[in-house]
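The values are calculated or read from the model by the stated rules, or taken from the named source; none is laboratory data. What you see is a predicted model; the values in this text were computed from it and never measured. Cβ coordinates were reconstructed from backbone atoms using ideal geometry, including for glycine residues, and neighbour counts include every protein chain displayed. These accessible areas exclude ligands, DNA and RNA; they are computed on the full protein's heavy atoms, side chains included. Shrake-Rupley method; radii C 1.70, N 1.55, O 1.52, S 1.80 Å.
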Amino acid sequence: MPNLVRESGSSPGHRSLCVVAPRLGERSQVWIDRQIRGFEAFRPAILTWPTPNSDAPQEHPVPIECLPFPKEPNDGRGRWLWRTRNAGSGNFFGTRGGERRQICRFLRNHDVEVMLAHFGHIALRVLPAARDLGIPVVAHFHGLDITSSLNNRWYRWSLKNKICDFAEVVCVGSHQRDRLIRMGAPEDRIHLIPCGVPVADFPFVDRVARGDCVTLLFVGRLVPWKGVQVVLRALSALDDDLPAWEFRIVGTGPQQGELQELAGALGLSDRVRFLGSLDSSEVNRQMAGTDIFVHHSLTSPDGWVEGFGVSVAEAASTGLPVVASRSGGICDQVREGETGILTEENDVQATARAISTLMRDGDLRLRMGAAGATRMRDVFDTQGQVRKLESVLLRAASSNSDTGHR
């Protein structure tokens, strides 16, 4: 894949930032794109790896370089050679050889002052090249990199060995902050900055308390740990005297066929609609025509938990009350009894009661939805989160300048 370089519209006075991300333009990682486009204090340049079956990353008005080397140094036949060569450093994920030289060349060409590396394994990957040039790395943790990835002993060892080498550490949930402290990260260098939601793109909808047919919505990947199967079972347990209802499911994934079969087996086929993958404008339209948002995340067997529910934040921003599981970062987003109702993971009956409560009480739905929209605007707006992230990056860059490394 050729390198993709585009002119930056940033002012020459802005500081130079390198954003490193494994993928760009995916709905599940839309927050990376939002951050890049929201930076004001920096002129960013992007390092990434080619996404399989994709010709190019999403368009950005900044320089982009794709690294054509294997994305996972700890996979494949060469992993033992890679590990052996990195054994002395204690970072078994650190870049080497031609990739390291290419990264260093990119950093020099753009006079990078600080690096923002999305996901722990990517931060470990670029750390050796950054250290070659005396450039501080801010490691941005999101979910699997501080949960299920720790099952990989090479990653776990590398992170414990090198976590203090990151200039600053960012995470998106309080549960992640606790885990990072246990991993040895200095508390004064950990920053809780949720992904956020662009509230201007998901504006508040002034709904009415409809009682004829209540619509529920889920948006996300159709995989077991998103818990749609729990929601379907909860809907099948609802009392017969409730208003008519419809459950709309936006998204695709390997569990779709299984979920369709389950809906049929539960006698819900005429009330459950699988809408497939939709663009952001259509997702917006679906949220505007919905009464309740449901999101029952589960802890996966390998230990993954939800870092930050992007779709939960988007739905709340439009004024939807949320019925969700008490899981991971969702506990930071939803205020129990104020902006939504939380239940324990896999608790079908509690989920059914929560849905019933909101179905029966239209005024409660409106109050919770309005409170959720206010909370998203005041606490989780993307612009505010990006400003906080910029402060961390400026601190890292300034601290490095003070030490005379560059």
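Here are His191, His140: which of them is crowded, with 20+ Cβ neighbours inside 10 Å, under 17 Å from the mean Cα position of the chain (by Cα), of a type outside the set (Gly, Ala, Ser) and more than 29 Å from Thr357 (Cα to Cα)?
His140
Check Leu124 against each of (1) buried (at least 24 other Cβ atoms within 10 Å of the Cβ); (2) free of Cβ contacts under 8 Å to residues at least 24 places away in the same chain and name the one condition it does not meet.
Answer for Leu124: the failing condition is (2).
Name the helices (runs of 4 or more DSSP H) wholly inside the range 292-406 in which the number of residues that are hydrophobic (A, V, I, L, M, F, W, C) is 3 or more.
310-317, 348-360, 362-375, 382-402
If Ile181 satisfies all but one of (1) part of a helix (DSSP H, G or I); (2) touching a residue at least 60 places away in the same chain (Cβ under 8 Å); (3) not polar (S, T, N, Q), what's the number of the condition it fails?
If we test Ile181 against (1) part of a helix (DSSP H, G or I); (2) touching a residue at least 60 places away in the same chain (Cβ under 8 Å); (3) not polar (S, T, N, Q), just (2) comes out false.
For the range 319-336, enumerate the residues that are surrounded by fewer than 23 Cβ atoms within 10 Å (Cβ to Cβ) and under 16 Å from Arg367 (Cα atoms).
Residues satisfying the conditions are Arg335, Glu336.
Quick one: count up the residues across the range 128-162 that are of a type outside the set (Gly, Ala, Ser) and part of a helix (DSSP H, G or I).
18
Among the residues of the range 230-244, are any surrounded by fewer than 18 Cβ atoms within 10 Å (Cβ to Cβ) and under 25 Å from the mean Cα position of the chain (by Cα)?
Checked against the condition, which is being surrounded by fewer than 18 Cβ atoms within 10 Å (Cβ to Cβ) and under 25 Å from the mean Cα position of the chain (by Cα), the range 230-244 yields no hits at all.
Within the set of pairs 6 or more residues apart or between chains, which connect a residue that is without any contact (Cβ under 8 Å) to a residue 40 or more places away in the chain inside the range 154-167 to a residue that is crowded, with 18+ Cβ neighbours inside 10 Å with Cβ atoms less than 7 Å apart?
Arg156/Leu150; Leu159/Gly120; Leu159/Leu124; Ile163/Ala185; Asp165/Leu127
Hey, Val214 hits all of (1) open to solvent by 10 Å² or more (accessible area, probe 1.4 Å); (2) in contact with a strand residue (DSSP E or B) (Cβ under 9 Å, 6 or more places away or on another chain) but one; which does it fall short on?
(1)
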